[in-house]
Amino acid sequence: MSTTPAAPIPWPTELRLRKDRRALEVTFDTGERFALPAEILRVRSPSAEVQGHSPAERKLVAGKRTVEILEVQPIGNYAVRLVFDDLHDTGIFSWEYLLDCGRNLAAWEADYEAEIAAAGLSREPARRG
């Protein structure tokens, strides 16, 4: 019986927060490079606060079109914690999660836009005052 070892997970070679703080740029050792929008990272945060403890508990987060990333904090050698300007900071973004986001960004964005529309919500932040 032979088993094929699992392919190694691509490793990030560069993480860079854009100057406008609205995207995280990630380059992997496969040569793949992605600009991951802060909005999608925030609304699809892998945190229990957003994802819940089961798919039925997942929260739809609206009004984050202009959200910014304030900090990128390393978590060991496997992930980063992102701190957003709405003070959400409980998501641990593994390299595999960031790679999945980059490879599937168009689908994630389309799914999010459809969910927001179906719920009668907006990507725009609520107006104050």
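Listing for the model above:
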| quantity | calculated |
| --- | --- |
| Restricting segment 88-129 to trypsin sites (Lys or Arg not before Pro) in coil, as DSSP defines it, with at most 13 other Cβ within 10 Å | 127, 128 |
| Derived scalar couplings ³J(HN,Hα) [segment 84-101; Karplus, 6.51 cos²θ - 1.76 cosθ + 1.60; whole Hz; x for Gly, Pro] | 9, 6, 8, 6, 5, 8, 9, x, 9, 9, 6, 4, 5, 5, 5, 5, 4, 4 |
| At most 16 other Cβ within 10 Å, DSSP loop - trypsin sites (Lys or Arg not before Pro), segment 1-96 | 18, 19, 21, 22, 58, 59, 65 |
| Potential lengthening between residue 100 and residue 73 on full extension [0.36 nm per residue; Cα-Cα distance subtracted] | 7.8 nm |
| Virtual spin-label span in nm between residue 115 and residue 54, 7 Å along Cα→Cβ | 1.7 nm |
| Amide H partners (placed H, <5 Å) of residue 92, local residues excluded | 47 |
| For segment 26-35, Karplus couplings with θ = phi - 60° (6.51, -1.76, 1.60), whole Hz, Gly/Pro x | 10, 10, 10, 5, 7, x, 6, 9, 9, 10 |
| Loop-resident sites, segment 1-78, for GluC sites (Glu not before Pro), counting at most 14 other Cβ within 10 Å (DSSP) | 32 |
| Label assignment, semi-axes √(5λ) of the Cα gyration tensor in Å derived from the structure, set (1) 27, 18, 14; (2) 98, 83, 25; (3) 30, 17, 14 | (1) |
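Read the figures in this text as sums done on the coordinates, not as results from a lab. Treat the numbers as computed from the prediction; the structure is a model and nothing was measured. Using ideal geometry, Cβ is built from the backbone for each residue, glycine included, and neighbour counts are taken over all protein chains shown.
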